[in-house]
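This report concerns only the one structure given below.
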Amino acid sequence: MRTEQVPVLWAHFLLWNLCISSSQAVYPGIKARITQRALDYGVQVGMKMMEEMAKEIVIPDLKGSESLEFLKIDYVKYNFSNIKINAFSLPNTSLAFVPGVGIRALSNHGTANISANWEVRAPLFQDSGAADLFLSGIYFAGIIVLTRNDLGHPAVELQDCHAQVSHARVSFSGGLSVLYNSFAEPMEKPILRNLNEMLCPIVINEVDALNVNISALEVLTKIDNYTVLDCSLLSPPEVTENHLDLNLKGAFYPLESLVDPPFLPAPFELPQNRDSMLYIGVSEYFFKSASFAHYVSGALGIMLSTKEISNYFNQNTQGIGSVLSKIAEIYVLSQPFMLQIMATGPPVINLHPNNFSLEFPASVIMLTELQNSTIEPIVSMDFIASTSVGLAILGQKLICSLSLNRFRLSLPENSHRDVKVVRFENILSSILHFGVLPLANRFPSDFY
C-alpha cells in the first residue's frame, strides 16, 4: 500500500528539487530576532562570565630591556612569567548594533589585578621574585562582525580593535624587592607599553578560540529515530540599528535522505516590537517539513492489540477501557483483535493566531488472530482526524493543549456506510475525545 508509493514519491521529489534548486529564493523556516534589550541583558550577564573567564586566559611572558639612567645602568633585561589575572572588572561596558556590520563593544574605566613571577638581569647582578600588578583605566573598543561559514555555522570576527591600559602600578616581593620598589615607577612605563601591544592580539586569539567552539556545534540535530532538524544559517545575520535577525533553515529531513521536501517556505516577517529581548518566528514550512519527513520515514504507523489498548486506557478516569468490549460486541468476536493505523499522506498543518490545526489522513484496519495464529483483516477504513493545538505562554513556558475538531470514517469505493461503520466511527471518536487527548494534555507539554 503506502510503502509501495514512497519510492515513486521520492522520484518525483528528486526531479522537482532539480528543477527548482537553481531558480528559487530560499526563505527560512525559523527566524530569531535579538533586540537591544537582549544586548543590555547580555552585558549584565556576560560581564560576570568574562570576569571569571579572564582568570583562565593564558598571557604570554612579558620580556624586554630598559636602561635605568637614574641608576647609571645601561640596560636591564626583565622577564615577567606565569602571568595570571586574579581580578578583572569592566564596569562601564555597552553593546550596540552597527547596521549592516555587527555589534560595537565599548568599555572603559576597567581595572585588573595581576600576579606574576619576575626576573631581572644586568651586567653586574641578577635577581628574581614575585610581583603584583594593578592596572586601571582599561579601555577597549571593537566591532564584532557576524558572518556565516560554508557549513551554515555562525562565525565572529573582531575588527577595529583598540585596547589600552592607562595606568599600571607594580609591587615587587622577594629578592631585593625593597630596593626595586623604590624605583618601580620608571619600570612601569615599559611594562605598560609592552602590555598595550599585547592586548588586541590576546582578544583576537580568544575570538578565534570561540570560532573553533562554534564550528564544532552540530547544525543537524537528531530529533528521533526517523528525522533530523536542520538549523543551519541560510545567510549572514542581518543587522539593523535596532535588532539582529538570524535566518535558520528550520527544516526536518528523514534520517536516510537530506532531500528538501516538495514545497517551499513562504516569506514571513517578525513584528517590529522591541519590548522583548528575543523574538522567534516559525513558519508553516517548519511544521509541514516535520510531518512530511515523518511520513516518508514510515514513522506514522502503529499496531495496537486489545491488551495494549486496554492497559493504556486502564488508568483513565473516563473509563475508556470499557469501550473495547463494545468494539468486540459490534463484530461478535470471541478472539483478540488488533488495530493497525497508518498515515495515508503527510499530516496537513495550518497556522492560525494563537493556535494551529492538524489534519491527519490515515487508514485503520481491524484484524483478528485466528486459532491457527494467522492474522485475518475484519474491516478496513480510511479516516481523517482534525485537531487543534492551542498555544499559550505562561511565564517562561509555552503551553500546548489538544482538542478534537472532527473525526470521519469512510469505506473503500463501491462500499456503503452501514450502522456498524457509524458505531465504530463513534467509538473511535470517543477514544480520541475522552482517552487520547486527555492523556496527551495530562502529560507535560510545555517548553522552556
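The values are calculated or read from the model by the stated rules, or taken from the named source; none is laboratory data. The shown structure was predicted, so the numbers you read here are calculated from the model rather than taken from an experiment. Counting neighbours? That spans all protein chains shown, and the Cβs are built from the backbone with ideal geometry, glycine included. Note: areas computed on protein heavy atoms with side chains; ligands, DNA, RNA excluded. Shrake-Rupley method; radii C 1.70, N 1.55, O 1.52, S 1.80 Å.
Any residue that is touching a residue at least 60 places away in the same chain (Cβ under 8 Å) and touching a His at 6+ places or on another chain (Cβ under 8 Å) - is there at least one of those in segment 244-251?
Checking segment 244-251: not a single residue is touching a residue at least 60 places away in the same chain (Cβ under 8 Å) and touching a His at 6+ places or on another chain (Cβ under 8 Å).
Run ASN194 past the list (1) touching a Ser or Thr at 6+ places or on another chain (Cβ under 9 Å); (2) open to solvent by less than 60 Å² (accessible area, probe 1.4 Å) and report the number of the one that doesn't hold.
Every condition holds for ASN194 apart from (1).
For ILE349, are the conditions met, namely being touching a helix residue (DSSP H, G or I) at 6+ places or on another chain (Cβ under 8 Å), surrounded by 15 or more Cβ atoms within 10 Å (Cβ to Cβ), among the β-branched types (Val, Ile, Thr) and within 19 Å of GLY301 (Cβ to Cβ)?
Considered against the rule, which asks whether it is touching a helix residue (DSSP H, G or I) at 6+ places or on another chain (Cβ under 8 Å), surrounded by 15 or more Cβ atoms within 10 Å (Cβ to Cβ), among the β-branched types (Val, Ile, Thr) and within 19 Å of GLY301 (Cβ to Cβ), ILE349 comes out as yes.
Which residue, of LEU233, LEU210, LEU217, is under 21 Å from LYS31 (Cβ atoms), among the hydrophobic types (A, V, I, L, M, F, W, C) and open to solvent by 50 Å² or more (accessible area, probe 1.4 Å)? Explain how you work it out, then say what you get.
Values: LEU233 fails: open to solvent by 50 Å² or more (accessible area, probe 1.4 Å); LEU210 fails: under 21 Å from LYS31 (Cβ atoms).
Selected residue: LEU217, the only one of LEU233, LEU210, LEU217 that is under 21 Å from LYS31 (Cβ atoms), among the hydrophobic types (A, V, I, L, M, F, W, C) and open to solvent by 50 Å² or more (accessible area, probe 1.4 Å).
All but one of (1) more than 24 Å from the chain's Cα centre (by Cα); (2) open to solvent by less than 30 Å² (accessible area, probe 1.4 Å) hold for HIS109; state the number of the condition that does not hold.
With respect to (1) more than 24 Å from the chain's Cα centre (by Cα); (2) open to solvent by less than 30 Å² (accessible area, probe 1.4 Å), HIS109 is out only on (2).
Within the bounds of segment 271-281, is there any residue that is in contact with a Leu (Cβ under 8 Å, 6 or more places away or on another chain), at pLDDT below 95 and not acidic (Asp, Glu)?
yes
Residue under question is GLU413, and the condition is that it be open to solvent by 40 Å² or more (accessible area, probe 1.4 Å), at pLDDT 80 or above and either closer than 23 Å to GLY281 by Cβ or not in a helix (DSSP H, G or I) (or both); does it hold?
Criteria not met by GLU413.
Tally the residues that are surrounded by 14 or more Cβ atoms within 10 Å (Cβ to Cβ) and either within 23 Å of ASN350 (Cβ to Cβ) or under 15 Å from the mean Cα position of the chain (by Cα) (or both), restricting the search to segment 255-279.
Selection size over segment 255-279: 7.
Just need a number here: residues in segment 366-378 that are in a strand (DSSP E or B) and surrounded by fewer than 17 Cβ atoms within 10 Å (Cβ to Cβ).
5
Going through PHE140, PHE172, PHE134 one at a time, which residue ends up being among the aromatic types (Phe, Trp, Tyr) and open to solvent by less than 30 Å² (accessible area, probe 1.4 Å)?
It is PHE172.
List pairs: first residue in segment 366-388 and over 25 Å from ARG406 (Cβ atoms), second residue among the acidic types (Asp, Glu) and surrounded by 14 or more Cβ atoms within 10 Å (Cβ to Cβ) anywhere in the structure, Cβ distance under 9 angstrom, at least six positions apart or on different chains.
As it stands, the answer is ILE375/GLU369; GLU376/GLU369, since those pairs meet every condition given.
Cβ-Cβ below 6 Å, separation at least six or inter-chain, first residue in segment 285-301 and within 17 Å of ILE384 (Cα to Cα), second small (Gly, Ala, Ser) and open to solvent by less than 10 Å² (accessible area, probe 1.4 Å): which pairs?
TYR295/ALA343; LEU300/ALA343
Only one residue in ASP160, ASP132 is part of a strand (DSSP E or B) and free of Cβ contacts under 8 Å to residues at least 24 places away in the same chain. Which one?
Being part of a strand (DSSP E or B) and free of Cβ contacts under 8 Å to residues at least 24 places away in the same chain holds for just one of ASP160, ASP132, which is ASP160.
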